[in-house]
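Derivation of every value follows stated rules applied to the coordinates shown; laboratory data play no part. In this text, all values refer to a predicted model and were calculated from it rather than measured experimentally. Backbone-built Cβ (ideal geometry, glycine too); neighbour counts: all protein chains shown.
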Ligand code: H2B
């Protein structure tokens with residue numbers, strides 16, 4: 001089974017990402033996004049969804065119109081793993 005990152009490893013990885021932070025109440029990372037409108041937000045979500053399906057690693061997310069909040073955690077490890085960092089890094093790469 002994939003191992004959770006230690007808090008030191010997690011902090012080091014978050015520092016290399018853009019705008020991600022540790023969730024307050026659980027072992028997860030999160031980032032908020034704001035787009036011009038729903039069309040842009042949903043286009044972004046579609047690109048993330050395709051990557052998530054390829055990786056078999058899926059985001060928890062919440063969308064209202066042009067805003068998307070994403071939380072990443074690995075359910076089978078009950079915490080943040082390298083898979084979350086990989087997906088976060090992909091998400092950063094399509095929002096740069
Ligand atoms: N996504 C996330 N975020 N964590 C998981 O542990 C996970 C997943 N497990 N997507 C996958 C699917 C698992 O349920 C399937 C069976 O591979």
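Extension gain, residue 50 to residue 17, is 9.8 nm, computed as 0.36 nm per intervening residue step minus the present C-alpha separation. Inter-label distance, residue 24 to residue 7: 1.8 nm, where each label sits 7 Å from its Cα along the C-beta direction.
For the chain, the mean residue ellipticity at 222 nm estimated from helices alone is -14000 deg cm²/dmol, where every DSSP H run of n ≥ 4 contributes -39500 (n - 2.57) and the total is divided by all residues, rounded to the nearest 500. Highest average first, the peptides 36-42, 66-72, 9-15 ordered by how many other beta carbon atoms sit within 10 Å of their residues are 66-72, 9-15, 36-42.
Fully extending the segment from residue 89 to residue 75, taken as 0.36 nm per residue of separation minus the present Cα-Cα distance, adds 3.2 nm. Panel values: the chain, Kirkwood radius from alpha carbon pairs, Stokes-Einstein at 4 °C and 1.567 mPa s, translational diffusion coefficient 96 µm²/s.
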